[in-house]
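Since the structure comes first, as structure tokens, the remarks are kept for the end.
The values are calculated or read from the model by the stated rules, or taken from the named source; none is laboratory data. Everything numeric in this text was worked out from a predicted model, so none of it was measured. Every residue, glycine among them, receives a Cβ derived from its backbone with ideal geometry; neighbour counts consider all protein chains shown. In case anyone asks, the SASA skips ligands and DNA or RNA and just uses the protein heavy atoms, side chains included. Shrake-Rupley method; radii C 1.70, N 1.55, O 1.52, S 1.80 Å.
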Amino acid sequence: QVQLVESGGGLVQAGGSLRLSCAASGSIFSINAMGWYRQTPGKQRDLVASISSGGSPRYADSVKGRFTISRDNAKNTVYLEMNSLKPEDTAVYYCNAIITPFSAYVRDYWGQGTQVTVSS
């Protein structure tokens with residue numbers, strides 16, 4: 001059925017950059033909003049950035065000016081470009097999307113997560 005697959009995580013030094021990708025696949029009728037969340041052990045999963053179907057982005061204050069979210073609707077893919085990374089950005093990053101599948105009701109879907117580690 002519908003799946004979200006993240007890629008692009010890894011280990012970088014503070015000040016470095018990474019680009020995360022999340023591709024949706026399956027019997028998809030439409031995709032509304034897409035976003036990136038992150039979670040560290042013992043903490044809630046927090047919204048990092050989101051983007052509407054029309055391309056309007058929103059960012060958490062902690063990443064504003066450093067991260068850029070974008071999407072390619074033709075590829076059913078959302079990206080998160082992360083620059084000037086800080087150790088506090090270390091987390092598992094999860095892709096989320098509001099998707100209407102064929103022959104199913106609309107709901108949100110989650111990727112499996114990709115680890116981002118920023119060393120000091």
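Note on the chain: Cα-Cα pairs beyond 21 Å make up 34% of the total pair count.
With a Förster radius of 30 Å applied to the C-beta separation of GLU88 and GLN112, the computed FRET efficiency comes to 0.85. Across the chain, Cα pairs under 8 Å and at least six residues apart give a relative contact order of 36 percent. Rolling a 1.4 Å probe over the protein heavy atoms leaves TRP110 with an accessible area of roughly 100 Å².
The accessible-area ordering, largest first, of the residues ASP46, ASP108 stands as ASP46, ASP108, per a 1.4 angstrom probe.
Taking every protein chain into account, the 1.4 Å probe leaves GLU88 with about 120 Å² of accessible area, to the nearest ten.
For region 66-108, what class follows from the C-alpha gyration tensor (a ≥ b ≥ c being the square roots of its eigenvalues): rounded when a/c is under 1.5, otherwise prolate if a/b is larger than b/c, else oblate? Note, shape of region 66-108 comes out oblate. Compare SER62, SER21, SER103 in a GNM of the chain, Cα atoms joined below 10 Å, and give the one with the largest fluctuation. In this elastic network of the chain, the residue with the biggest mean-square fluctuation among SER62, SER21, SER103 is SER103.
Per residue, the accessible area of the chain comes to 55 Å² when a 1.4 Å probe rolls over the protein heavy atoms.
Here the Karplus curve 6.51 cos²θ - 1.76 cosθ + 1.60, taken at θ = phi - 60°, turns the phi angles of region 28-44 into couplings of 9, 7, 7, 10, 8, 6, 9, x, 10, 10, 9, 8, 10, x, x, 10, 6 Hz, with x standing for Gly and Pro. Would you list which lysines come within 30 Å of LYS43, measuring only between C-alpha atoms, while excluding same-chain residues fewer than 8 positions from it? In chain and number order, the partners are LYS64, LYS86.
The accessible surface of the chain, taken with every protein chain in place and a 1.4 Å probe, is 47 percent carbon and sulfur.
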